[in-house]
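Have a look at the structure below before the remarks.
The values are calculated or read from the model by the stated rules, or taken from the named source; none is laboratory data. Just so you know, these numbers come straight off a predicted model, no measurement behind them. Here Cβ is always computed from backbone atoms with ideal geometry, including for glycine, and neighbour counts include all displayed protein chains. Calculation scope for accessible area: heavy atoms of the full protein, side chains included, ligands and nucleic acids excluded. Shrake-Rupley method; radii C 1.70, N 1.55, O 1.52, S 1.80 Å.
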Amino acid sequence: MELGLRGLKVLVTGASAGIGAGIARSMAAEGARLVLVARTLAKLEEIRTSILRDHPDLQIELEACNLSDSKVIDDLAQRHSDVDVLVNNAGAVPTGNLFDVDEAAWRAGWDTKVFPYINMCRRFYLVQKARGGGVIINVLGSGSLQKKFSYLCGGMGNAALDFFTETLGAHSPIDNIRVLGVCPGPVATERYRAITELRVAQGLEQPKMPFNRIATPQELGDMVTFLASSRCGYVSGSIHVVDAGISVAKAV
């Protein structure tokens, strides 16, 4: 299916692995020009090499930087003032309850994901507004849906970004900008594998998954790519859960 993304400039954060890499590959398949952002240049170079094997003529720029520094985000927005689609995907908030995560770790976790999402949206919204429109997609997390005490810090971070995404996306059509979110459930990433290994080491039973599997990064990438396209041109201010009904079943 032609999604109309060919030639558009798409900036993806957290693009060196996992969901971010899946998004990059899906966007590449549609012919988008890519700006891949992550902390480690070597990992970004590996992803670029992998994508160029299948799409040798694709334009791919790399930005190795730490988005916890708002000045870095300012500079990034200046260098890429022609971004059509922004995908915020970088960062992880720590697992743990109120007593497991101390103040320093709590603040550090929010500085890794919550504030970078806010600052990226703040800068690139104005960039897109000046150009006449665009799309911003925030990759969120299901911690806000399941209300687990064992994931209190992370769930609160997710909930804050849910509210932020919905509120900004309800306002943004006035500037011809669509802002929306994608909320993944379990995905086959390095982080999920580490969590699974920890559960095994602790002797905990592994949860049964819908379709007897978890999602792939490519499935999340395809969802983000479809939502970024003009075929979803009337979608803004909404969050799209990709977990095969896990969060719904646990809420019933």
When averaged across all projection directions, what area in nm² does the alpha-carbon convex hull of the chain cover?
14.0
If Y151, Y125 are ordered by their accessible area, calculated over protein heavy atoms with a 1.4 Å probe, which sequence runs from highest to lowest?
Y151, Y125
What FRET efficiency would be calculated for the residue pair A170, A130, taking the C-beta separation as r and a Förster radius of 25 Å, to the nearest 0.05?
0.75
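Given 10 °C and 1.306 mPa s, how large is the Stokes-Einstein diffusion coefficient of the range 115-185 in µm²/s, with Rh as the Kirkwood radius over Cα pairs?
The diffusion coefficient I find is 126 µm²/s.
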Most positive-pole-ward Cα, G134, W110, N97, against dipole of the range 92-135 from beta carbon charges
G134
Give, rounded to the nearest 20 debye, the magnitude of the charge dipole that the chain has about its Cα centre when Lys and Arg contribute +1 at Cβ and Asp and Glu contribute -1 at Cβ.
240
Report the far tail of the P(r) of the range 1-76, meaning the percent of Cα-Cα pairs longer than 18 Å.
35
Measure of compaction for the range 74-168 (Cα Rg per 2.2 N^0.38 Å)
1.19
Take every DSSP beta bridge whose two residues both sit in the chain, then give the antiparallel share in percent to the nearest 5.
0
What do you reckon, how do I73, I246 stack up by accessible area (1.4 Å probe), largest on top?
I246, I73
